[in-house]
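The values are calculated or read from the model by the stated rules, or taken from the named source; none is laboratory data. The shown structure was predicted, so the numbers you read here are calculated from the model rather than taken from an experiment. Positions of Cβ are generated from backbone atoms using ideal geometry, with glycine treated the same way; all protein chains shown enter the neighbour counts. With ligands, DNA and RNA removed, areas are computed over all heavy atoms of the protein, side chains included. Shrake-Rupley method; radii C 1.70, N 1.55, O 1.52, S 1.80 Å.
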Amino acid sequence: MIQALMLSFQSLSDTRVARLLAKVIALSIGIFIVLGVGLWFGMAALFGWLNLTDDGTWSALLSIALSLLAAVLLFRIVAIAVTWVFADDIIDAVEDHYYPQFADIGKRPGLATGVKMAIRSVIRVIAYNLLALPVYVLLLFTGVGTAIAFMLVNALLLGRDLEDMLIARHGAAHGAIRKLPRLLLGLLGTAGMLVPVLNLFVPVLITAMAVHIVHSGVAKL
């Protein structure tokens, strides 16, 4: 696992991966900028509808606060959606550089397949977190229980998403990841997505790490 993590960081030195990282960061930031602007107009319209006097300050402050809250709550969903957009290119770049023998035999899934898997992934994240919401609420009194439950649920989901990306290309015989490495991979990615700035790099890093885990044999341990 540690070797796969180090290799994923090394992958950023590859020109193709670095370009993809720039695209992922730009698209992620762009999505939240659009969200922030939309919230600002929404707050301004709400203040007007309620006939509340506002020179733009309160609506701007509320939209910023809501944007930050949305960034925390929705980043996981946005990140995995963005990852699916560039996943095949990221996997191509890492395999071509480190594992050409597997790059030659891997079958890149079509756009339609990728879109279906991305939609299924986003729906799964929303559904499972909604199902776990009562548990999150019940564990609030423990102080850390909610955070632990959230991490576990989303780690399992992220690990499965990353495994699906490799299975779609190499089949279950080679692309599958055993439960413990998959959980650790998901935990690392989920934790990283909660850290500001680092979370922008995590989608590419964690996808590259999944490739290294599968092809280095860690997935079978």
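Rounded to a whole number, what % of the accessible area of the chain do carbon and sulfur atoms account for, probe 1.4 Å?
The nonpolar share, carbon plus sulfur, comes to 75 percent.
State, to one decimal in nm, how far the label point of Phe141 lies from the label point of Leu12, with both points 7 Å from Cα in the Cβ direction.
4.3
How many Å² of accessible area per residue for the stretch 146-221, probe 1.4 Å?
38
Among the aspartates and glutamates, which have Cα under 16 Å from the Cα of Lys179 when same-chain residues fewer than 8 positions away are ignored?
Lys179 reaches Asp161, Glu163, Asp164.
Connecting C-alpha atoms closer than 10 Å in a GNM of the chain, tell me which of Val82, Val137, Val125 has the biggest fluctuation.
The residue that fluctuates most here is Val137.
Using all Cα-Cα distances in the chain, what percent lands in each 5 angstrom bin from 0 up to the longest?
Over the chain, the share of Cα pairs per 5 Å bin runs 1, 7, 14, 17, 18, 14, 11, 8, 5, 3, 2, 1, 0, 0 percent.
Could you work out the relative contact order of the chain? I mean the mean sequence separation of Cα pairs under 8 Å and 6+ apart, divided by the number of residues, in percent.
Computed value for the chain: 27 percent relative contact order.
Which FRET efficiency, nearest 0.05, do Lys107 and Ile2 yield, Cβ-Cβ r, R0 41 Å?
Calculated transfer efficiency: 0.85.
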